[in-house]
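Q: One structure, as structure tokens, below. Some questions next.
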Amino acid sequence: AQTPVKVTVTGAAGQIGYALLFRIASGQLLGADVPVTLSLLEIPQAVKAAEGTAMELDDCAFPLLSGIEVTDDPNVAFNGANVALLVGARPRSKGMERGDLLQANGGIFGPQGKAINDNAADDIRVLVVGNPANTNALIAQQHAPDVPAERFTAMTRLDHNRALSQLAAKLQVPVTEIKKMTIWGNHSATQYPDLFHAEVGGKIAAELVDETWLRDTFIPTVAKRGAAIIEARGASSAASAANAAIDHVFDWVNGTAWTSAAIPSDGSYGVPEGLISSFPVASRDGKWEIIQGLEIDAFSRERIDATVRELEEERSAVRELGLI
Ligand code: NDP
């Protein structure tokens, strides 16, 4: 029988964790024929709740789930891990300064990066979901010098999926008709969802909508969708975030011709090397590749530069705080 793949989920007792774990155990993360073991990492006060989730996972009798552990020790959680989904993070509370937010997350993602470095399997792949995701991924990566840098990624797939859904609704087409959607930059309000390379029925999407809609409705709707969902549901967009995490890892492992993911920049498209920034990417043989050769017009350039500038500022801030 195939050796199970070990998947570690941090913040496992949280809302996203609850929407994520059952789908991993059912085979949606890696494939319907891949057995998994789950490791649930939580802070000590949430271990009991994570144990409750583990009881429910047991009760599903998932054929592919070959084991579950619950722990508050990152060295245990990441021991032999093949996939790490870093969901638990310190959310921004009212009035919290950015420096304090980065400091608190540095205290989480630095030690987790080191624990991954020291304990994970050679093929470890890391997806950071907890915000500020791109910079948390950078912090973890910088504490894991023995792990290839490109194994640290951050999630912009939810933004990508939101962009697909908004455009499909506008043009009244199924989402499957839309190709080559791209989110650039930071998973934040500055992100840039790009319709100048997206195609619908072979036509450039930006040419099928008017510029006012693109600029004043589409871009802000995608960027602010999380807040709109909190406003409507009274709770955050946990299920769609979990769904996007599944999509990201599935495509990373199984391959895709085009999606969006935040991966370490090699300098492509003028994004400073090393920043973990969202790009149009393909995945081949289990590796992300930035799709090359796209022409970037002035409208897109300005927006890519703005979101990348924010990533540079976050990187400078965590450097100044000594977090990387
Ligand atoms: P959620 O599970 O709802 O969210 C977890 C993180 O995901 C947050 O940082 C959140 O950032 C981020 N996120 C990214 N995209 C989305 C999205 N679309 N919708 C919602 N969140 C998104 O948080 P909970 O508070 O329910 O659970 C967090 C859990 O993490 C708790 O159980 C806590 O104990 C645990 N934790 C564990 C740590 C560890 O294992 N060492 C460390 C820290 C916390 P944002 O809030 O900015 O949207």
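Q: Right, Gly14: within 15 Å of the ligand (Cβ to nearest atom), crowded, with 17+ Cβ neighbours inside 10 Å and either touching a residue at least 24 places away in the same chain (Cβ under 8 Å) or small (Gly, Ala, Ser) (or both) or not?
A: Values: within 15 Å of the ligand (Cβ to nearest atom): yes; crowded, with 17+ Cβ neighbours inside 10 Å: yes; either touching a residue at least 24 places away in the same chain (Cβ under 8 Å) or small (Gly, Ala, Ser) (or both): yes.
Judged against the criteria, Gly14 is a match.
Q: Select, from Ser283, Ser316, Ser236, the only residue that is at pLDDT 95 or above and closer than 30 Å to Gly99 by Cα. Before the answer, list the steps.
A: Details: Ser283 fails: closer than 30 Å to Gly99 by Cα; Ser236 fails: at pLDDT 95 or above.
When all the criteria are applied, what remains is Ser316.
Q: Read through the list (1) surrounded by 14 or more Cβ atoms within 10 Å (Cβ to Cβ); (2) closer than 26 Å to Ser265 by Cα; (3) not charged (D, E, K, R), then give the number of the only condition that Pro220 fails.
A: Exception for Pro220: condition (1).
For every residue, the table says whether it meets (1) touching a residue at least 60 places away in the same chain (Cβ under 8 Å); (2) away from the ligand (no atom under 16 Å from the Cβ); (3) outside any loop (DSSP other than H, G, I, E, B); (4) open to solvent by 60 Å² or more (accessible area, probe 1.4 Å).
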residue: Ala169; (1), (2), (3), (4): no, yes, yes, yes
residue: Trp184; (1), (2), (3), (4): yes, yes, yes, no
residue: Ser188; (1), (2), (3), (4): yes, no, no, no
residue: Trp213; (1), (2), (3), (4): no, yes, yes, no
residue: Ile229; (1), (2), (3), (4): no, no, yes, no
residue: Trp252; (1), (2), (3), (4): yes, yes, yes, no
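Q: On to the next question. Here are the criteria: (1) open to solvent by 30 Å² or more (accessible area, probe 1.4 Å); (2) within 22 Å of the chain's Cα centre (by Cα); (3) in contact (Cβ under 8 Å) with a residue 40 or more places away in the chain. Tell me which single one Leu30 does not satisfy.
A: In the conditions (1) open to solvent by 30 Å² or more (accessible area, probe 1.4 Å); (2) within 22 Å of the chain's Cα centre (by Cα); (3) in contact (Cβ under 8 Å) with a residue 40 or more places away in the chain, Leu30 misses (1) alone.
Q: Moving on. Just give me the residues in the range 91-108 being open to solvent by 30 Å² or more (accessible area, probe 1.4 Å) and not small (Gly, Ala, Ser), in sequence order.
A: Result: Pro91, Arg92, Lys94, Met96, Glu97, Arg98, Asp100, Gln103, Ile108.
Q: Between a residue in the range 71-84 that is touching a residue at least 40 places away in the same chain (Cβ under 8 Å) and closer than 9 Å to Thr10 by Cβ and any residue that is within 12 Å of the ligand (Cβ to nearest atom) and assigned to a loop (DSSP other than H, G, I, E, B), which pairs come within a Cβ distance under 8 Å, given they are 6 or more apart or on different chains?
A: Listed pairs, sorted by first residue: Ala84/Phe78.
Q: OK, next. Between Gly110, Gly80, Gly52, which is touching a His at 6+ places or on another chain (Cβ under 7 Å) and at pLDDT 95 or above? Reasoning before the result, please.
A: On the way: Gly80 fails: touching a His at 6+ places or on another chain (Cβ under 7 Å); Gly52 fails: touching a His at 6+ places or on another chain (Cβ under 7 Å).
Going through Gly110, Gly80, Gly52 in turn, the sole match is Gly110.
Q: If I ask for residues that are surrounded by 13 or more Cβ atoms within 10 Å (Cβ to Cβ) and not hydrophobic (A, V, I, L, M, F, W, C), which ones from the range 195-211 would you list? Lay out the reasoning, then the answer.
A: Kept after step one, since they are surrounded by 13 or more Cβ atoms within 10 Å (Cβ to Cβ), are these residues of the range 195-211: 195-200, 204-206, 208-209.
Correct list: His197, Glu199.
Q: Can you work out which of the residues in the range 40-63 that are within 24 Å of the chain's Cα centre (by Cα) and either open to solvent by 80 Å² or more (accessible area, probe 1.4 Å) or more than 12 Å from the ligand (Cβ to nearest atom) (or both) is nearest to Gly14 (Cα to Cα)?
A: Ile43
Q: Then there is this: Please count how many residues of the range 281-299 are touching a residue at least 12 places away in the same chain (Cβ under 8 Å) and either open to solvent by 40 Å² or more (accessible area, probe 1.4 Å) or more than 26 Å from Leu127 (Cβ to Cβ) (or both).
A: In the first step, residues of the range 281-299 are kept if they are touching a residue at least 12 places away in the same chain (Cβ under 8 Å); the result is 281-288, 290-292, 294, 296-297, 299.
Then keep just the ones that are either open to solvent by 40 Å² or more (accessible area, probe 1.4 Å) or more than 26 Å from Leu127 (Cβ to Cβ) (or both); that gives 284-285, 287, 292, 296-297, 299.
Selection size over the range 281-299: 7.
Q: Here are some conditions: (1) within 18 Å of Gly322 (Cα to Cα); (2) small (Gly, Ala, Ser); (3) buried (at least 20 other Cβ atoms within 10 Å of the Cβ). Gly130 meets all but one. Which one does it not meet?
A: (1)
Q: Could you please give the count of residues in the range 135-167 that are within 19 Å of Gly17 (Cα to Cα), of a type outside the set (Ser, Thr, Tyr) and away from the ligand (no atom under 11 Å from the Cβ)?
A: Looking only at that region, the number is 1.
The values are calculated or read from the model by the stated rules, or taken from the named source; none is laboratory data. Here the structure is a predicted model, which is why all the values come from computation and not from measurement. So basically every Cβ, Gly included, is an ideal-geometry build from the backbone, and we count neighbours across all protein chains shown. Quick note on the areas: whole protein, heavy atoms, side chains included, nothing else; ligands and nucleic acids left out. Shrake-Rupley method; radii C 1.70, N 1.55, O 1.52, S 1.80 Å.
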